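Shown next, in structure tokens, is the structure this report addresses.
The values are calculated or read from the model by the stated rules, or taken from the named source; none is laboratory data. Since the model is a prediction, treat every value here as computed from it, not as a measurement. Cβ atoms come from the backbone with ideal geometry, glycine included; neighbour counts cover every protein chain shown. Surface accessibility is based on the protein's heavy atoms, side chains included, excluding ligands, DNA and RNA. Shrake-Rupley method; radii C 1.70, N 1.55, O 1.52, S 1.80 Å.
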Amino acid sequence: MKIVLANLPWKVGDRWGVRAGSRWPHIKASQEGDYLPFPFFLAYAAALLKKNGYEVYLIDAIAEKLPCENFINKVKKIAPDFIVAETSTVSTYNDMSILQKLHKSMKIIVCGPDINITKKEFLEGHRFIDYVLVGEYEMILLDLMEHLKKSSILDGVKGIIYREDTRIIKNPERPLLDNLDLLPWPMRESLPMERYYDVPGGLLIPSVQMVASRGCPFQCIFCAWPQIIYKKGSYRTRSIKDVVDEMEYLVNYFGFKSIYFDDDTWNIGKERILEFCKDVSKRGEDGRLRIPWAIMARADLMDENQLTVLKKAGLYAVKYGIESADQDILNKAKKSMDLKKTEHMVKLTMAMGIKTHLTFTFGLPGETRATIEKTINYALKLNPTSAQFSITTPYPGTDYFMDLEKEGRIITKDWSEYDGNYKSVFYSNLLTAEELVYAKERACTAWEYHCRYREPNYDFPVKILAAKFWRYILDKGALYSFYKTYDYLKFIVKRSDWYQRHSMHKIEKGRFKILYGLGKVKIFWNEIELTKGVGFNTSISIYGNWFDSSQSDWHIVERSKEGVVIASEWKYLPIRQIWRLNIVNEGTIDWKIENIYKEDIEFDTEKVGIMLSEKYSDWIAGDKNGKFKISRNWQEINLKDTSKKEVGARSLFDSMFPDIMLDFSSDGMGAIPQIQSSSRDLNAIFIYANFNRPSHYKAGKYDFFKGRIYIKEAI
């Protein structure tokens, strides 16, 4: 028997869809770029058939970007006995129109995460379809092929719907496969593997996708796969050895440089996680498996010990499904997730230097305009590496669809609109469908702006922006396009030095001037800026990862002619800092810092300092001095054996730049002078008081730093 398994073409206009391998089949938005999931079920089924002696062809028309006619010609050229096509609710109309053109040449089998195909009425309405596989279909397909090879009697094949003369027969469901190790590894050899792209946090490419488990024990009312493909609440795992063996094979045979585990929920079972990390680490020490990898996980199942072990074993990035910033909404959606613990673990994940992708959706039970704003602000506050926003889509077959249908809130059963990117197919008692669409658009815009402003060296990719402009013209018209252009020009102006200088507050005394605001404190002497970038800066290292005050939300508590009090709420850490800056005389400013820890916290290192202009060529520390070096990489030097608790900078090339010193002799906290050079991109230098020792603090308020910055010329 010759069998083709296919992920059918699916394209609307110039945009391709994602179907096989996706929990959320949809037509891609432009911001998704090259994202493409791996078709796991098709690839597992193909490998299983091949192992049992069948002639198998696996075609992913979406990955190959095959137009419909090209795909049809390719299949007809193979001339299979059967074609097995994975469909989805939203792509059903598209898929049936393609399969209808093939039915005269071969038998057609349909499968996938769509409840509609599991009803007898589906075969009645689509007479060109011969068989439907219900649920998880690899073993069902093999069983069907084995029976067809021997006879036409199919009453013993569980999990199929088929025709017998004029009757349509639905056999009992097939139990889920308990031992996932019985499945061979997915067939990848015939697929364009370089095109499957899901790299959270910027995983190294070429990257490959895997699964280590199936299903999810939680009861989310909106999640399609656990309710349609699997039995609700089921959860099965592969053996650790089988998983890590496959990882090693993919790295050493195919040459992949990273792996993403696209499990429904990867991090279930602490002992299993520790066993996995132990095996991966051991093979890493042997040189067989030393690569970064990423997972799909639940944040509230994590703890600090797990994250530490995972990081050591190579965990590079995590996708966490948050969905909403409102605990009541999560409870109504049966997410069973502790939002407070989730937030803590997301922050801890980022604090450990693990890249973090968060997903949110609008339209769960209890959603209001206020909760939408709360979720958007929550996403911006957490500031993950990346974020995804969608409109909740109640797929038929899920509890959420049934609830909404009972309430009469489903707007349409045109399944092609069940996309989640562009339309809402329901309304709530509090929000219209249009408001849910707007919520998603607003969230995406807010996130885009947030990403621009959080990058201090954001560049302006002209070609990409021009392409965006023409896409807006085509999709949304000239008025919207010119509005977006105006909005973007505002952003450029706000990022300019001119705007920032004129938008900041100032304290002056003679030739000495301090500008503060917009998250920056800058020093000027005779109208020449001595600082660069953020200027004044505090930095903290946790688990070897650095965080600094530029990543915090600032507000002015108090200001006068002589000084200012600034409060900063750190985005990644449970810290609130209070800065007190007072000009003592022309050329001298006192700087005091208080730290308020909202929970117990432990640091590797703490630093306080100033980012200075590249015009400064030499450093000074007591009776020692030397030259700053701008290199490709950041360089820091601790100056331990100096006669004074101070460090400064001098310019030998520009006489307009006076010596500037950071004096922390009155601090009494054991800091040592440190100098640091940036990379060539930033082209700046730093002088620091470095508290180079581990510190553990209980929640509470502490005096952190007491020092003075002064201009030598003015003394």
Margin query: Given the condition at pLDDT below 90 and either over 22 Å from A224 (Cβ atoms) or in a helix (DSSP H, G or I) (or both), answer yes or no: does some residue in region 411-427 qualify?
Written below: no
Check: Among (1) closer than 25 Å to S678 by Cβ; (2) part of a strand (DSSP E or B); (3) open to solvent by less than 40 Å² (accessible area, probe 1.4 Å), where does D553 come up short?
Finding: (3)
Next item on the list: Please work out if N377 is touching a helix residue (DSSP H, G or I) at 6+ places or on another chain (Cβ under 9 Å), among the polar types (S, T, N, Q) and over 20 Å from D198 (Cβ atoms).
Entry: yes
Note to self: Among the listed residues D600, D590, identify the single one that is acidic (D, E), within 28 Å of the chain's Cα centre (by Cα) and at negative phi.
What the structure shows: D600
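Residue-by-condition table, conditions (1) under 18 Å from A224 (Cβ atoms); (2) part of a helix (DSSP H, G or I); (3) open to solvent by 30 Å² or more (accessible area, probe 1.4 Å):
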| position | (1), (2), (3) |
| --- | --- |
| T308 | no, yes, yes |
| K311 | no, yes, yes |
| Y316 | no, no, yes |
| Y320 | no, no, no |
| I329 | no, yes, no |
| G353 | no, no, yes |
| F360 | yes, no, no |
| L364 | yes, no, no |
Margin query: Could you go through region 436-447 and let me know if any residue there is touching a helix residue (DSSP H, G or I) at 6+ places or on another chain (Cβ under 8 Å), closer than 30 Å to K231 by Cα, small (G, A, S) and open to solvent by less than 60 Å² (accessible area, probe 1.4 Å).
Written below: no
Note to self: For the structure I just gave you, tell me whether Y44 is open to solvent by 50 Å² or more (accessible area, probe 1.4 Å) and either more than 19 Å from T393 (Cβ to Cβ) or not in a helix (DSSP H, G or I) (or both).
What the structure shows: no
Check: Pairs under 8 Å by beta carbon, first residue of a type in the set (D, E, K, R) in region 596-617, partner assigned to a loop (DSSP other than H, G, I, E, B) and modelled with pLDDT of 90 or more, six or more apart or different chains?
Finding: K598/A699; E599/A699; D600/K698; D600/A699; K615/S651; K615/F657
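Just wondering, is there one or more residues in region 402-421 that are in contact with an Asp or Glu (Cβ under 6 Å, 6 or more places away or on another chain) and either more than 28 Å from A294 (Cα to Cα) or of a type outside the set (A, V, I, L, M, F, W, C) (or both)?
No - not one qualifying residue is present in region 402-421.
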Next item on the list: Check region 238-248 and report whether any residue there is free of Cβ contacts under 8 Å to residues at least 40 places away in the same chain, within 30 Å of T393 (Cα to Cα) and basic (K, R).
Entry: no
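Name the residues in region 493-527 that are over 21 Å from W591 (Cα atoms) and either open to solvent by less than 10 Å² (accessible area, probe 1.4 Å) or at pLDDT 90 or above (or both), would you?
Residues satisfying the conditions are N526, E527.
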Note to self: Cβ contacts < 9 Å: first residue in contact (Cβ under 8 Å) with a residue 40 or more places away in the chain, restricted to region 257-272; second residue among the acidic types (D, E), any location; separation 6+ or different chain. Result?
What the structure shows: Y260/D198; D262/D198
Note to self: For a quick check of your reading of the model, give me the residue pairs whose first member lies in region 17-33 and is among the aromatic types (F, W, Y), whose second is surrounded by 20 or more Cβ atoms within 10 Å (Cβ to Cβ) and assigned to a helix (DSSP H, G or I), with beta-carbon atoms closer than 9 Å and at least 6 apart or on different chains.
What the structure shows: W24/A224
Check: So, in region 162-202, of the ones that are in contact with a Lys or Arg (Cβ under 8 Å, 6 or more places away or on another chain) and hydrophobic (A, V, I, L, M, F, W, C), which residue ends up farthest from L48 (Cα to Cα)?
Finding: I168
Check: E602: surrounded by fewer than 16 Cβ atoms within 10 Å (Cβ to Cβ) and part of a strand (DSSP E or B), yes or no?
Finding: yes
Margin query: It is to be established whether one or more residues within region 690-705 are more than 27 Å from F512 (Cα to Cα), part of a loop (DSSP other than H, G, I, E, B) and at pLDDT 90 or above.
Written below: yes
Notebook entry, point to check: Just one of I583, I566, I589 is farther than 15 Å from R708 by Cα and part of a strand (DSSP E or B); which is it?
Noted result: I566
